[in-house]
2 protein chains.
Amino acid sequence: MTTTTVRKPKPRPTISDVARLAGVSISTVSRVLNDTAPVSEDVEQRVRNAVEMLNFTPHAAARNLAVRKTYTVGLLLPEVGNNFFAPLLRGVENAVRSSEYQLLVHASLRTPDDAPWRRTPVGEHNTDGMLVFVGSVEEEDLLRAHQRDFPMVLLFFRGPSSVNIPWVGFDNRTGLCQAVEHLVTVHQRRRIVYLRGPVGNADSEERESAFCETLERLGAPILPELFARGNYSAQGGEIAIQELLARSIDFDAVFTGDDESATGVMAALRRAGRRIPEDVALVGFDDLPFSAHLNPPLTTVRAPIERAGFSAANKLLSILAGETPEVATRLPVELVIRQSCGCVRQ
Amino acid sequence: MTTTTVRKPKPRPTISDVARLAGVSISTVSRVLNDTAPVSEDVEQRVRNAVEMLNFTPHAAARNLAVRKTYTVGLLLPEVGNNFFAPLLRGVENAVRSSEYQLLVHASLRTPDDAPWRRTPVGEHNTDGMLVFVGSVEEEDLLRAHQRDFPMVLLFFRGPSSVNIPWVGFDNRTGLCQAVEHLVTVHQRRRIVYLRGPVGNADSEERESAFCETLERLGAPILPELFARGNYSAQGGEIAIQELLARSIDFDAVFTGDDESATGVMAALRRAGRRIPEDVALVGFDDLPFSAHLNPPLTTVRAPIERAGFSAANKLLSILAGETPEVATRLPVELVIRQSCGCVRQ
DNA sequence: CGCTATTATGAAAGCGCTTTCAGCAACCAC
DNA sequence: GTGGTTGCTGAAAGCGCTTTCATAATAGCG
């Protein structure tokens, strides 16, 4: 093994190199690059040529330092790689791309033993604003940033009730009501498992309470043993159902807080020989791209995830532009009936 | 509409503020923060207190400028939101997270009319190195960066043949051979549609040639009318098959270059009343998380996408550490037999 | 006890840019 | 011709950090 000598990249040309080559001052170069002041035809051409020749590209950090902006927005995710993030990211990207900002993505499996600014590798020190996904930031850090007026918008949760941070989320209630109602009134299911999301997930809790209310409204029983905990992953769903099965708890339907879990639920059910939807009906939430192609096609509540990302990013950008957008954005969801609930293909 | 007044965030404390409060020089503050030189117990404590009190966080841009590093690696994607990216991103994130680097993600729908450094919003000017996904960067830009010794590793393609840029990809051939062989020898399929990926996609082309070779080796006919073009999206697959169907081209199997397309193929086939696998067998490539749950479960070539991301990121990090890793990494793939090929569940 | 190592600290010079400010022509009207 | 514009340009002061380099204070040693 060789000693790890530090690689020495060829030195990048700087604005001074350009200035020298063009025979002007660096101020002038800056001016033509940014078009911040009139420059004579002749000089402009010389500068442009020099830039071309040296293949010059301004050093972002230096520029950021001088203008006191990073031109970067951060996207903080609790973990990355969930299928849910694909459309979300697409939405965010679309919004950010058409602005002058860039996107720093970070999945924050925090390492609390680190120095504070290493603990949150994207934050006030390297972005102009942040998109914060539920569960990716400690409440304390959130408050601190907010106190500093640091622009943020929250994804799928509202911040601590003491403050008023802009956020975007789904209108969980209506979609959920429809889904449960469908299960209860159309398919006569009474023993519906509710598969929660991760602890502390706002959406999940909201959905749960809507779930209970709907059950109540319809006169269906609320059975505590039918509440299971997943974590918005296929594996989580699989394990939760396996456990229910192992405890021989009787149920005729499962409502999962997300489609990802639904695939796990399907796997567990299938392995146990339970037919979907005959033995147990299944309804998900999100309508991920693959949901329509599951076996059977998944009945689910469609959540406009990409739109949420787009909307959140735009909200952040508008804050950065000095505007004050609506604090809350709730995107409508809609029940998509396929076959896992017991409906048959028309 | 109000005039867009620029938001005035509260001024962040700087290292000077800390120094003043602690009654030391900024050099000393820097030293305790970075642990670059011994500092007396007493002073260190005073500095730490001051940092705590002011809630100080070093400004990344300034630091980057001073140390001439950005501590950021870029991930350039051709477009974002593909399900393929979820595991990829997870792998990259995992590798990057355990280093001192951060991750800048950019989906490069390039806007060629922009200034050059705005055209590539992540590049030499704001990262120390880049992970380049196939199709996300012009060859010309790639060469230029490489000429400057800019650390890069390519994902799923090798660069221009004139240079030798590190890359990681899949061992497409073996997986594909197995798949085709399975289709031909086990299921007696002879008229296999090959659904290509996007134009210029190296993996796709490699798979195509392996496809032809295998066919030849097995003595099966190579039928030009059975080559269709998709774009690694569900919609692309759907359209391609619809078109084949419309032209009444006869086929008894479809091999898609990716699972995403496979879902589209399924949709098109189903709509046309063709049964899978009875009428047409279907084999994909990638084995995305949902593939096992499709209807029918998809037989596919499993590609270790997450591992590819992890491996590529690590390769880049090792370059940044001054080492010189293997240029090429080919990850093995493996045929996963489920039911869309015609096999029955055991 | 004088003289050299050693250690902790501060001053100051950058890093590569932007931006203010002042200067210098050339121009205009009177 | 003056005085005042106007238009272009360069010098220089930052932006908030790191990192020499110098210096003062302390320790080590014969």
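Per-structure values
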{"item": "Where a residue in segment B:117-128 is more than 19 Å from residue A:48 (Cβ to Cβ) and its partner, wherever it lies, is modelled with pLDDT under 80 and open to solvent by 20 Å² or more (accessible area, probe 1.4 Å), with Cβ under 7 Å and at least six apart", "result": "B:123/B:117"}
{"item": "Number of the exception - residue A:85 against (1) free of Cβ contacts under 8 Å to residues at least 12 places away in the same chain; (2) surrounded by fewer than 24 Cβ atoms within 10 Å (Cβ to Cβ); (3) within 20 Å of the chain's Cα centre (by Cα)", "result": "(2)"}
{"item": "Hits in segment A:31-90 - residues which are out of contact with any helix residue (DSSP H, G or I) (no Cβ under 9 Å at 6 or more places or on another chain) and closer than 30 Å to residue A:290 by Cβ", "result": "A:74, A:76, A:78"}
{"item": "Any hit, segment A:322-334, residues being out of contact with any Gly (no Cβ under 8 Å at 6 or more places or on another chain) and open to solvent by less than 30 Å² (accessible area, probe 1.4 Å)", "result": "yes"}
{"item": "Spans of helices (runs of 4 or more DSSP H) in segment A:201-294 with at least 3 residues more than 14 Å from chain B (Cβ to nearest Cβ) and over 24 Å from residue A:306 (Cβ atoms)", "result": "A:202-217, A:234-246"}
{"item": "Scope segment A:160-194; condition assigned to a loop (DSSP other than H, G, I, E, B) and either buried (at least 23 other Cβ atoms within 10 Å of the Cβ) or basic (Lys, Arg) (or both); matching residues", "result": "A:189, A:190, A:191"}
{"item": "Condition broken by residue A:313, with the remaining ones in (1) part of a helix (DSSP H, G or I); (2) more than 14 Å from every other protein chain (Cβ to nearest Cβ); (3) among the hydrophobic types (A, V, I, L, M, F, W, C) satisfied", "result": "(2)"}
{"item": "Extreme residue, least open to solvent (accessible area, probe 1.4 Å), among residues of segment B:27-44 that are near DNA strand C (Cβ under 8 Å from one of its atoms) and of a type in the set (Asp, Glu)", "result": "B:44"}
{"item": "Flag if residue B:145 is buried (at least 16 other Cβ atoms within 10 Å of the Cβ) and closer than 30 Å to residue B:70 by Cβ", "result": "yes"}
{"item": "Leading residue by the ranking (least open to solvent (accessible area, probe 1.4 Å)) among those in segment B:257-307 that are of a type in the set (Asp, Glu) and within 20 Å of residue B:243 (Cβ to Cβ)", "result": "B:258"}
{"item": "Residue identified as outside the structural domain of residue A:142 (by TED's automatic domain parsing), under 27 Å from residue B:146 (Cβ atoms) and within 12 Å of DNA strand C (Cβ to nearest atom) among A:24, A:51", "result": "A:51"}
{"item": "Condition broken by residue A:77, with the remaining ones in (1) in contact with a Leu (Cβ under 8 Å, 6 or more places away or on another chain); (2) aliphatic (A, V, I, L, M); (3) modelled with pLDDT under 95; (4) open to solvent by less than 30 Å² (accessible area, probe 1.4 Å) satisfied", "result": "(1)"}
{"item": "Filter result for residue A:144 (among the charged types (D, E, K, R) and in the same structural domain as residue A:260 (by TED's automatic domain parsing))", "result": "no"}
{"item": "Of all residues making up segment A:54-67, the number that are near DNA strand C (Cβ under 9 Å from one of its atoms) and farther than 27 Å from residue A:133 by Cβ", "result": "9"}
{"item": "Helices (runs of 4 or more DSSP H) within segment B:14-91 that include 3 or more residues in contact with a Phe, Trp or Tyr (Cβ under 9 Å, 6 or more places away or on another chain)", "result": "B:15-22, B:60-67"}
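Rundown of residues vs (1) more than 30 Å from residue B:101 (Cβ to Cβ); (2) touching a residue at least 60 places away in the same chain (Cβ under 8 Å); (3) out of contact with any Lys or Arg (no Cβ under 8 Å at 6 or more places or on another chain), yes/no style:
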{"position": "A:139", "(1), (2), (3)": "no, no, yes"}
{"position": "A:143", "(1), (2), (3)": "no, no, yes"}
{"position": "A:148", "(1), (2), (3)": "no, no, no"}
{"position": "A:156", "(1), (2), (3)": "no, yes, yes"}
{"position": "A:163", "(1), (2), (3)": "yes, no, yes"}
{"position": "A:195", "(1), (2), (3)": "yes, yes, no"}
{"position": "A:203", "(1), (2), (3)": "yes, yes, yes"}
{"position": "A:227", "(1), (2), (3)": "yes, no, no"}
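The values are calculated or read from the model by the stated rules, or taken from the named source; none is laboratory data. The shown structure was predicted, so the numbers you read here are calculated from the model rather than taken from an experiment. Positions of Cβ are backbone-derived with ideal geometry, glycine not excepted, and every protein chain shown enters the neighbour counts. Ligands, DNA and RNA are excluded from the accessible area calculation, which covers all protein heavy atoms including side chains. Shrake-Rupley method; radii C 1.70, N 1.55, O 1.52, S 1.80 Å.
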